[in-house]
Amino acid sequence: MKILMDAGPWLPVPPRGYGGLETVVATLTTELRRRGHRVVLATVGDSEQDADGRVWRFPGGQFARLAAPYPEVVGAAQAHAQVVVEEIGRHAAAGQPFDLVHTHLEVVGPAVLGALGDAAPPVLHTLHWDLRRNADFYESFDGRGRVFFAGVSDSQIERGPATLRRQTLGSVPLSVPIPDGRPAAPEERMDSVLVLSRLCEAKGIDIALRACRAAGVPVVLAGPVGGQPDRAALETALADPTSPVRGYPDVRWFLDHVAPLLDGDRARWIGSVAGSEKADLLRRSRAVLFPIRWEEPGGTAVCEALAAGTPVVAMARGCLPSLVEPKVTGYLAEDEADFTAALGRLAELDPEACAATARSRFSPGVMALGYERLYAELLARTATGAHRSAAG
């Protein structure tokens, strides 16, 4: 198949640090091409992902703008979508149309492509987020038999509105590259545990800090705050009286609830990590923590941790119960006290079991096969005109 893969304008593919969606797109693009498909990537200019073509509106990722007020952000997604539309038209005019578009651009992707009607190839849109966000759109959008959806977990789709569920072809669990070699032995690991995520209230960063302090376990926080990649960038922005960063909700929450709990020793924030630094942290940490306060839809970082042979401690919310096998690959907690207690039982978990689970469930081949099945279903439905509207 010839596929236009739309990653959106927020981060390069693959990402250089934080970037769950972009990690998935990089992994899927690589595996689809290995399996013989042609993939053109709609992304940003500094992406380094191998593809059969790349198009972009912005030279670099626009992620730092995402924490800004809505009027300052929405135009970026629309400008990117225009490039996608132009690329569809260019290939069609050359007599080499795409078989389908696989978009990961929230709301704007399906809305713009759906408005094109039959002028666009069939569209599959992967949902990467909690469907309570932009609920009005998902409750009313009608893809008219041309735009369909894929979830990243069954639990995510179950929480979606009926109109969306009727247009969803299935769910494909996320995947990450599987590292070579064996997991780190206990003597190779650090004393600390790791939090790998955006540092915000929904991710429960303060819960992790309090639990680790109570359990006597050192913790490292790796991830951005309000679009700022590290402490230096955040302090520079806060020192600028004209910078809007000081008003970002995630930044205000971090300063009030996380910064006071950091001591630079047993509780450290090291900023976003990438490449070998990220791989080493994942491999050598005692566990990766997910004390989430929201219904996590996909859990890319959970898959990354298990692929590295590192167990997971998480709140039993969203997709986490479908990813973590209690007492085998980690622990699921119901509250902060339960989470704290789990930190005292990390030695009972086998890194080899974590890695074996990742190989069997979260490998790139498993995800690509899942999407090939959905692509086939998408093309079958659009060829027959079945389910021409969400109301039908």
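Please say if segment 332-381 is rounded, prolate or oblate, where rounded means a/c under 1.5 for a ≥ b ≥ c the square roots of the C-alpha gyration tensor eigenvalues, and otherwise the choice is prolate for a/b larger than b/c and oblate otherwise?
oblate
In degrees from 0 to 90, rounded to the nearest 10, what is the angle of the helix 74-93 Cα long axis to the longest principal axis of the chain?
40 degrees
Pull up all non-local amide H partners of residue 310: gap of 5 or more, or a different chain, and H-to-H distance under 5 Å with H placed in the peptide plane.
Distant-sequence amide H within range of residue 310: zero hits.
Enumerate the amide H contacts of residue 168 below 5 Å, restricted to partners 5 or more residues apart or on another chain; note that Pro and chain-start residues carry no placed amide H.
149
At q = 0.08, 0.15 Å⁻¹, work out log10 I(q)/I(0) for the chain with the Debye formula, treating every Cα as an identical point scatterer and leaving solvent out; two decimals please.
-0.42, -1.41
Any chance you could give the angle, 0 to 90 degrees and rounded to 10, that helix 275-284 forms with the longest Cα principal axis of the chain?
50 degrees
Scanning the chain for GluC sites (Glu not before Pro) in DSSP loops with at most 16 other Cβ atoms within 10 Å, what's the longest stretch left with none?
49-333
Can you tell me the order of 2-11, 76-85 when each peptide is scored by its average per-residue count of other Cβ atoms within 10 angstrom, highest first?
Going by the mean number of other Cβ atoms within 10 Å, highest first, we get 2-11, 76-85.
Per 0.36 nm of contour for each residue apart, how much would the distance between residue 359 and residue 236 grow if the chain were fully extended, relative to their Cα-Cα spacing?
Answer, rounded to one decimal: 40.1 nm.
For every other residue with a beta carbon closer than 12 angstrom to the beta carbon of residue 250, add +1 if it is Lys or Arg and -1 if Asp or Glu, then tell me the sum.
Local charge sum for residue 250: +2.
Take the alpha-carbon positions of segment 186-361, form their convex hull, and give its projected area averaged over all directions (one quarter of the hull surface) in nm².
9.7 nm²
Cα axis of helix 364-384 to longest principal axis of the chain: angle in degrees, 0 to 90, nearest 10?
Once rounded, the angle reads 30 degrees.
Which of 343, 282, 66 ends up with the largest GNM mean-square fluctuation for the chain, with Cα atoms connected below 10 Å?
66
At R0 = 41 Å, how high is the FRET efficiency between residue 214 and residue 158 if r is their beta carbon distance? Nearest 0.05 is fine.
0.75
Test of understanding: in a Gaussian network model of the chain with alpha carbons linked when under 10 Å, which of 59, 110, 297 would top the mean-square fluctuation ranking?
59
Coordinate-derived values only; no laboratory data. Note that the structure is a prediction, hence the values are computed from the model and not measured. Please note: Cβ atoms are built from the backbone with ideal geometry, for glycine as well, and neighbour counts cover all protein chains shown.
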